[in-house]
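**Student:** Quick one: the structure is below, questions incoming.
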Amino acid sequence: MEQGCKAEDLVYFHLSGNMVNIVTNMNGKALAWFCRLRRCNKAQWEIHNIANQMQKLVSEKSEHFSKILAPDCEVFRTCQEGRESCGKLEVLLEMDRKVMGTQMTQITYAD
């Protein structure tokens, strides 16, 4: 704090390069929301891997619930990344078009 840094900002310097164990509790709705954001291909790779592991653990217990633990593009056919999308939405929509045989789906960006 002598250097002009706020006490709450010191945690970023202290944890730099160190492992931290985090324990959290989530209900089904919170877990689905977490996975929608963090299983996205554009999410930070560390949290992306954790979200994938969480989905895998849930799938061992509930195949039905694990299907909604996916990114927005897979569940709702929308992309929160806008024009910075990874391109997966376009692939999914093209697959939908082939299955449905129509142009019923359109790309929806949330910008």
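**Student:** When only residues in the stretch 57-76 that are more than 14 Å from the chain's Cα centre (by Cα) and part of a helix (DSSP H, G or I) count, which is surrounded by the most Cβ atoms within 10 Å (Cβ to Cβ)?
**Tutor:** Among those residues, the one meeting the criterion is Val58.
**Student:** Next question, about the same structure. Specify the residue that is surrounded by the fewest Cβ atoms within 10 Å (Cβ to Cβ); the eligible residues are those in the stretch 23-46 that are of a type in the set (A, V, I, L, M, F, W, C) and either in a loop (DSSP other than H, G, I, E, B) or touching a strand residue (DSSP E or B) at 6+ places or on another chain (Cβ under 9 Å) (or both).
**Tutor:** Ranking the candidates gives Val23 first.
**Student:** To continue, here is another question. If you scan the stretch 77-111, which residues turn out to be at pLDDT 80 or above and assigned to a loop (DSSP other than H, G, I, E, B)?
**Tutor:** Matches in the stretch 77-111: Arg77, Thr78, Gln80, Glu81, Ser85, Cys86, Gly87.
The values are calculated or read from the model by the stated rules, or taken from the named source; none is laboratory data. Note that this is a predicted model, so its numbers are computed, not measured. Every residue, glycine as well, gets a Cβ built from its backbone with ideal geometry; the counts of neighbours run over all protein chains shown.
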